[in-house]
Each structure stands twice: as C-alpha cells, then as structure tokens.
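Student: Before I ask anything, let me first share the structure, which is written out below as structure tokens.
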Amino acid sequence: MNAAQYETQVHKLALDNLTGKTKMIQVLLGFLALAVLVAILALYRGSKRKVAKAAEEMRLKSQSMVEEMTKLQKQVRIIAKDKAQDPDETRKGKSLTALVEGQKLYLNKDISRALIAEMMGCSHQTLTKMLNDIHPGLSFPDYIKGLRIAHALDLIKEHPDLTVQQIADQSGFYSISSFERSFKSITGKTPREYLKS
C-alpha cells in the first residue's frame, strides 16, 4: 500500500468516525427535541386543566350567588308585604315573629336558630315549621338577613348622615362586605349609591 492509499484510508476512517458522531448527535438532538415537546405538551395540558377548573369554580360561585340573591329578594318581598299590612293583624298568634321582630332580635349579631328555639322552648324542627307556616320556603338565615336589610333601609331613610359601617353595625351584620353584598343583591345598588340617590 502506498502513501497515497494510506492517507486516503486514514481520511476515510476519520470521515466515517465523524459521520458516526454526527449521526449520534442527531439522534441525541432528536430525543432532546422530543423530550422538550413532551414537556411543553404536559405543561399545556396542565394549564388547560387549571383554566378549566378555575372556570368551573367561577361558574359554580356565580350560580350560588344568583341563587342567594334570588332567596334574599324573595325574603325582602315577603317582609315588605308583611310590613305593609297591619302589624297587629300580621303578627296575631305568630309567636316567632313577635319574638324576633317585636324584640328586634335580628339586630343581634349572634342570633341563631338554636338561640331562638331555646328562647321559645321548642326544637329546631318546630321552629322551622313555624317559620314555614308564616313565610313558606324561607330559611331562617334568609329570614334574618331580610329583616336586617329592611332595618338598614329604614335607617338610611331616617338617618342619611350615618356611614355605611354604622348602618351595617346597627343592622346586625358582622362585616361590611356581607352587608354590601346582601344590600346590592336586594336593591340593585351599593349602600353608598343608595345613600347618594
């Protein structure tokens, strides 16, 4: 073998070695690209699930708020109807309303079904039945909220100089946010908007 053939053979081996390394790098790059693609798809699916979950939670909260507003509006209509009638006639023989409304127990922030049942000497079930006889379909918490909002509306009319915080406190609400949410759901305005009108 002469020198030229030897050199050609060496170059050929070097080229084959380089070609083999190039192919190995290409395979590694392919695996790396595939791994990146899989990671991106996993992140996309994960974020898509999070977005879908957040959207579902928002839909459920929205639905819950609409149901709550509907209950409160019904409650205020019932209470407004009762107030429009002769109070003595409306409350005749209605010991529950005589106690809760007559003594304004709804203004107590710690009022509860258990406390009223204890004061009346009856069970929770009896109390619920009494309320259902007077205001069919109205729950005890909604009954109390409706009375509190009606009281707040009276306060606004009688004392327009009171702050929203004072009205909320004097109407039996624990927090101003709860008061504002209930107030807007019933009147369609925030307490501040209502005070300005």
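Student: Any residue at all in the range 136-158 that's in contact with an Asp or Glu (Cβ under 7 Å, 6 or more places away or on another chain) and at pLDDT 60 or above? Steps first, please.
Tutor: Of all residues in the range 136-158, those in contact with an Asp or Glu (Cβ under 7 Å, 6 or more places away or on another chain) come to 147.
Of the ones still in play, those that are also at pLDDT 60 or above are 147.
For the range 136-158, residues in contact with an Asp or Glu (Cβ under 7 Å, 6 or more places away or on another chain) and at pLDDT 60 or above: present.
Yes/no per residue for (1) farther than 30 Å from residue 192 by Cα; (2) surrounded by fewer than 19 Cβ atoms within 10 Å (Cβ to Cβ):
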{"residue": "96", "(1), (2)": "yes, no"}
{"residue": "104", "(1), (2)": "no, yes"}
{"residue": "109", "(1), (2)": "no, yes"}
{"residue": "125", "(1), (2)": "yes, yes"}
{"residue": "139", "(1), (2)": "no, yes"}
{"residue": "148", "(1), (2)": "no, no"}
{"residue": "155", "(1), (2)": "no, yes"}
{"residue": "162", "(1), (2)": "no, yes"}
{"residue": "165", "(1), (2)": "no, yes"}
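Residues are listed down the side, and each one gets a yes or a no for (1) acidic (Asp, Glu); (2) touching a residue at least 12 places away in the same chain (Cβ under 8 Å); (3) in a helix (DSSP H, G or I):
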site	(1), (2), (3)
103	no, no, no
126	no, no, yes
130	no, yes, yes
137	no, yes, no
154	yes, no, yes
166	no, no, yes
173	no, yes, no
178	no, no, yes
193	yes, no, yes
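Student: Report yes if residue 24 is in a helix (DSSP H, G or I) and over 38 Å from the mean Cα position of the chain (by Cα), otherwise no.
Tutor: Yes.
The values are calculated or read from the model by the stated rules, or taken from the named source; none is laboratory data. Predicted, not measured: the structure shown is a model, and the values here were computed from it. Heads up, the Cβs are rebuilt from the backbone with ideal geometry, glycines too, and the neighbour counts pull from every protein chain shown.
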